[in-house]
Amino acid sequence: MSNTVSLITVNYNAGDFLGACASSALSQVDEVVVVDNASSDDSLAKLATAFPGDQRLKIIRNRENLGFAAACNIGAEHSISSRLFFLNPDCMLTPDSVKHLMRVLDDNPDVGMVGALLMNPDGSEQVGGRRAIPTPWRSLVRAFGLSRLAARWPRLFLDFHLHKQPLPIQPIEVEAISGACMLVRREAMRDVGSWDEGYFLHCEDLDLCMELRRKGWKIMFVPDARVVHDQGVCSRSRPIFVEWHKHRGMMRFYRKFFQHQYPGPLMWLVALGIWLRFGIIASYHFALSTLRYLGIQRG
């Protein structure tokens with residue numbers, strides 16, 4: 001179907017956010033495809049109650065949690081439109097946001113994917129909506145706080161997160177956008193194949209950006225399209241599980257795209273940094289959960 005939009009959202013215990021996301025989208029897209037990764041809450045029941053008999057709404061129930069990339073591929077297979085809009089269920093579209101995104105795709109045939117301005121609930125710009133690819137060097141720059149030298153040497157010490165830069169007044173080309181909000185041409189998705197299901201959670205969006213750019217497609221950030229993202233709704237209940245897959249995804253991403261471009265010692269340093277970071281974060285969450293448990297027991 002030419003110039004139609006299928007919204008694909010992967011649900012895992014998103015609760016009331018799933019219904020709110022669908023409500024904000026149904027007036028702007030041609031269909032909403034919900035791929036549920038074996039949720040245990042009542043999010044699907046509430047969704048069905050809110051939109052009884054709406055033929056624009058499709059629900060696909062996976063028997064187990066297959067991960068984000070695999071669920072996105074399932075949603076794409078069950079969708080009908082020429083544009084695939086991957087949107088997290090904890091996102092709310094503002095009026096005309098899809099129209100702004102579509103206009104950039106329609107006006108620029110060499111653009112394969114566009115992303116919106118992701119905002120926190122307080123209205124501030126969210127980290128990751130527009131970014132550069134976090135190469136091993138850029139990751140070390142960020143890890144050691146060297147981005148403060150970017151004012152003098154911007155190309156050498158660029159922070160891959162761009163949200164601290166002035167907001168552009170018109171769409172601009174970027175290296176990467178967030179998987180929380182990606183509008184992609186089906187033609188471009190066919191060109192790269194599909195989402196890499198070797199990622200379970202996190203970094204699959206960076207992988208898709210890399211693959212699209214390898215194929216010659218441009219990626220654009222559209223500041224007029226605004227989306228409110230209550231980040232982490234589906235992952236707050238299992239922080240260590242999420243962090244494990246996030247850091248595992250980082251390792252896959254670096255090995256896949258940079259292992260043959262960077263010297264071995266630098267890649268070893270990056271790997272050490274990744275797992276050291278995971279250890280610190282996991283220890284923090286474990287300590288926090290222990291304190292909460294002890295607090296309950298004492299109560």
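The values are calculated or read from the model by the stated rules, or taken from the named source; none is laboratory data. Everything numeric here is computed off the predicted structure, so don't read it as measured data. Counting neighbours? That spans all protein chains shown, and the Cβs are built from the backbone with ideal geometry, glycine included. Please note that ligands, DNA and RNA were not included when accessible areas were found on the heavy atoms of the full protein model with its side chains. Shrake-Rupley method; radii C 1.70, N 1.55, O 1.52, S 1.80 Å.
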Which one, VAL228, PHE258, TRP275, projects farthest toward the positive side of the charge dipole computed for the stretch 170-299 from Cβ point charges (K/R +1, D/E -1)? TRP275
To the nearest 20 Debye, how big is the dipole of the stretch 1-108 about its Cα centre, given +1 on the beta carbon of each Lys and Arg and -1 on that of each Asp and Glu? 140 debye
Rg/Rh for the stretch 1-145, where both radii come from Cα atoms and Rh is the Kirkwood radius: 1.00
What does the charge dipole of the stretch 148-294 about its Cα centre add up to, to the nearest 20 debye, if the Cβ of each Lys and Arg holds +1 and the Cβ of each Asp and Glu holds -1? 300 debye
SER124 paired with THR290, simple spin-label distance in nm, labels 7 Å along Cα-to-beta-carbon: 3.1 nm
With every protein chain in place, the accessible area of LYS218 for a 1.4 Å probe, in Å² rounded to the nearest 10, comes to 80 Å²
Taking only protein heavy atoms and a 1.4 Å probe, what accessible area per residue, in Å², does the chain have with all protein chains in place? 50 Å²
Protein-only accessible surface order, largest first, of ARG226, ARG155, ARG83, ARG61 at 1.4 Å: ARG155, ARG61, ARG226, ARG83
Of SER81, CYS91, ALA69, which is farthest towards the positive pole of the stretch 50-92's charge dipole, taken about the Cα centre with +1 and -1 on the beta-carbons of Lys, Arg and Asp, Glu respectively? SER81
Mind checking the log10 I(q)/I(0) for the chain at q = 0.08, 0.15 Å⁻¹? Debye, one equal scatterer per Cα, no solvent, two decimals. -0.36, -1.26
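With a 1.4 Å probe and all protein chains left in place, how much of the accessible area of the stretch 1-87 comes from carbon and sulfur atoms, in whole percent?
With neighbouring chains kept in place, the figure for the stretch 1-87 is 50 percent.
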With +1 on the Cβ of every Lys and Arg and -1 on the Cβ of every Asp and Glu, the dipole magnitude of the chain about its Cα centre, in debye rounded to the nearest 20, is 1060 debye
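Could you calculate, for the stretch 159-298, the ratio of the Cα radius of gyration to the Kirkwood radius, expressed as Rg to Rh?
Ratio of gyration radius to Kirkwood radius: 1.03.
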